[in-house]
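Before any comments, here is the structure.
Throughout, read-outs are computed from the coordinates displayed, never taken from laboratory work. Quick caveat: nothing in here was measured; it's all calculated off a predicted structure. Note that we place each Cβ from the backbone using ideal geometry, even for glycine, and neighbour counts take in every protein chain shown.
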Amino acid sequence: MAIDERQWFVTFVQTGAGKLLLFMIALLAVAPHFSFWPALLATGAAMAMGLQAKRRSRILFAATWSSAILTTMLGENDTLDNLLDVMAQERAIGMPAEALAIGWLALLALMIAAALYWARRAPHSILARRPLVILLLLLAVLCAAANSELSQGRVRVVLWAGIFVFTPYLWFLPFAVMDMRGRQGEPLMHQMGMLRPFWSPTYLPFGKGAAFLRKHVATSPAELAVTHLKAVKLLCWANVLYGLRSALDWVCMERLHIPSMPAALEAFGAGRAYPVAVAWAAVILSTARYGLKVAYWAHLFIGIARLAGYRLPRGSWRPLEAQTLIEYFNRFHYYFKELLVDLFFIPTFFKVFKQHPRMRMFFATFMAAGVGNALWHFIRDINVVATQGVVFAFSSFTSYLFYCLILATGVGLSQLRANAGFRPSLKWHGRVLSFLTVWGFVVCMHVFSDESRSQSLEQRLRFMASLWGVLEWI
Amino acid sequence: MNAKQKIREYLREQLVNRRDTAAIDDNESLFVSGRLDSFSMMNLVIYLEDNYQVDFSQLEFDVSLVDSINAIASLINDYP
């Protein structure tokens, strides 16, 4: 459906009727995945941004922060749920959770504005040169303070409220600081609007930062029309994938009674293991469901950003065609990979093993796919530290750490092999072999990357051994 | 062969490795546009360090420094 390449469509969507039709289709595509008002706000603001280029920064800022305030006030994000858990734990009955979260949000906005202003004024300061290190240290100090013996009751609730409000912004701030340091940096209002922008209020910067968006903005009415058509196509495709996932659930889980992977793991741990074929089916199904989930959310977010006039690359692009592990890493979750490359790979690459090219590349890849990956996931689930303590947070994370270690080693070796000149065959049997190798690895690793924290690394290793029929070996 | 031609050859080889045989314009974006990925960018950095003694750790690295053939040629020419 190459409608974005057909002149009739490109001309039509530049008319009033065409724009209205685009808006309606986009709203219908987005609405099933959000509450109605966030869908309306995101779609409306995106269309307005695309069509009102001169007011782009103001619309971005207004939509992003009104969305943040409304979702917090209405309890439609994780912040309030996490905060209520800590309040219940501390028996802090009667504390106004919404007001506390909004207060922290306002304070955070002021602090971020001040930090960004400082980064522009003092581009050689430690904050401007090492934003991620400073932010991670700040988070560590806050967590230590909130979990110390000294903070109990309401003090602890207030501290954790600050952490829950702060952590979702952590991975956006380095991009804003880096752009503020540059000569072409966008104005402060635009940078503030890019912090969890209204099209993707998640922990991951879909669209990276202002610098990346600046390079991808549509600059003519025709280019904007093509971008809008690509946006609508992507939003519709997201719904197809969502439907596919629902169909997969219905066929596999309701009709064929294939268990979920956590259920298969739990049954194995309880000594009621499913037959090996069923357990394999559970692992493959769980991998497929996860892959579809990542893809359709990425398509929704990027689709809305495209409506705002940004010609952004897709978040997930034909991952099944990946012929090497490094290619899979590039294709499957593009913006996560970009975050890891920008914040971990590049800084490491320019600092260590400069005299040893292979070691340099491998280590930088390892820091990105391993250390960065683990840090991002641990921080995303920081509420576990609050409600279940540091020891449980780390001990239940060992399986994911193991996954990061193996993935990073695999991606690093794949990178070295590519640099040494290895090219997978393009013939059909070569493609089949590549598919089986890459996806075989991904499926096996999914046993360890599954984010339910209920099973230990040892239990998962034993489960994996049972899948391969070598349980008696360990 | 001058530096610009050598860089063009190097980049063409990188693109062919990715099965991209389309022509490259000297001003065309290679990395921001997605024709080459970030790992290819790092390979290019190693190539420039080894062949033109560019020390990127002394520069404020930004992808725009190496995003097109012309940008790379300017970087090499302007590098002290």
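One table, with the values for the structure above:
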{"quantity": "Hydrodynamic radius (Kirkwood) for the protein assembly as shown, which is based on Cα pairs only, to one decimal in Å", "calculated": "25.4 Å"}
{"quantity": "Prolate/oblate/rounded label for region A:3-72 (Cα gyration tensor, a/c 1.5)", "calculated": "oblate"}
{"quantity": "For region A:406-452, the spread of Cα positions along each principal axis, largest first, Å", "calculated": "39, 23, 9"}
{"quantity": "Net charge over other residues, Cβ less than 13 angstrom from the Cβ of residue A:296 (K, R count +1; D, E count -1)", "calculated": "+4"}
{"quantity": "Ranking of A:149, A:76, A:186, B:60 by count of other Cβ atoms within 10 Å, fewest first", "calculated": "A:149, B:60, A:76, A:186"}
{"quantity": "For peptides B:8-20, A:190-202, sequence by mean Cβ density within 10 Å, most packed first", "calculated": "A:190-202, B:8-20"}
{"quantity": "Simple spin-label estimate for residue A:398 and residue A:293 in nanometres, 7 Å along Cα-Cβ", "calculated": "2.5 nm"}
{"quantity": "Summed side-chain charge close to residue A:398 - residues other than residue A:398 whose Cβ falls under 11 Å, Lys, Arg +1, Asp, Glu -1", "calculated": "+1"}
{"quantity": "Förster radius 51 Å - calculated FRET efficiency between residue A:138 and residue A:425 (Cβ-Cβ, nearest 0.05)", "calculated": "0.55"}
{"quantity": "Of A:208/A:337; A:354/B:6; A:54/A:215; A:208/B:6; A:19/A:54, those spanning more than 21 Å from alpha-carbon to alpha-carbon", "calculated": "A:354/B:6; A:208/B:6"}
{"quantity": "In Hz, Karplus ³J(HN,Hα) per residue of region A:299-310 (6.51, -1.76, 1.60; θ = phi - 60°; x = Gly, Pro)", "calculated": "5, 4, 4, 6, x, 5, 4, 5, 4, 6, x, 9"}
{"quantity": "On Cα atoms only, tilt of B:38-52 relative to the major axis of chain B in degrees", "calculated": "50 degrees"}
{"quantity": "Proxy reagent accessibility, fewest Cβ within 10 Å first, across A:126, A:379, A:258, B:76", "calculated": "A:126, B:76, A:379, A:258"}
{"quantity": "Peptide-level mean, for B:60-73, of C-beta atoms on other protein chains within 10 Å", "calculated": "2"}
{"quantity": "Amide N proximity, region B:50-77 versus residue B:9 label position 7 Å along Cα-to-Cβ, cut-off under 12 Å", "calculated": "none"}
{"quantity": "Sequence-separation-based contact order of region A:107-213, relative, with Cα cut under 8 Å and 6+ spacing, percent", "calculated": "28 percent"}
{"quantity": "Distant-in-sequence amide H partners of residue A:217 (H built 1.01 Å from N, under 5 Å)", "calculated": "A:311"}
{"quantity": "Per-residue HN-Hα couplings for region A:65-72 [Karplus 6.51, -1.76, 1.60; θ = phi - 60°; Hz; x = Gly/Pro]", "calculated": "7, 5, 5, 4, 5, 5, 5, 5"}
{"quantity": "Calculated Rg and Dmax of region A:387-474 using C-alpha coordinates, Å", "calculated": "16.5, 53"}
{"quantity": "In sequence order, calculated HN-Hα J values of region A:112-118 (Karplus, 6.51, -1.76, 1.60; Hz; x Gly/Pro)", "calculated": "5, 4, 5, 5, 5, 4, 5"}
{"quantity": "Rounded, prolate or oblate (a/c below 1.5 giving rounded, otherwise prolate when a/b exceeds b/c) for chain B by Cα gyration tensor", "calculated": "prolate"}
{"quantity": "Helical mean residue ellipticity (222 nm; -39500 (n - 2.57) per DSSP H run of 4+; nearest 500) of chain A", "calculated": "-21500 deg cm²/dmol"}
{"quantity": "Alpha-carbon centroid distance for the pair region A:207-248 / region A:352-391, whole angstrom", "calculated": "30 Å"}
{"quantity": "Kirkwood hydrodynamic radius over Cα pairs of region A:146-242, then Stokes diffusion coefficient at 10 °C and 1.306 mPa s, in µm²/s", "calculated": "97 µm²/s"}
{"quantity": "Separation of the residue A:24 and residue A:99 label points, Cα + 7 Å toward Cβ, nm", "calculated": "4.6 nm"}
{"quantity": "Exposure proxy order (Cβ contacts within 10 Å, fewest to most) of A:93, A:69", "calculated": "A:93, A:69"}
{"quantity": "Two-site label geometry, residue A:473 and residue B:27: point separation in nm, points 7 Å out along Cα→Cβ", "calculated": "6.0 nm"}
{"quantity": "Neighbour net charge for residue A:244 - beta-carbon separation under 13 angstrom, K R +1, D E -1", "calculated": "+2"}
{"quantity": "Prolate/oblate/rounded call for region A:175-229, Cα gyration tensor, a/c under 1.5 rounded", "calculated": "oblate"}
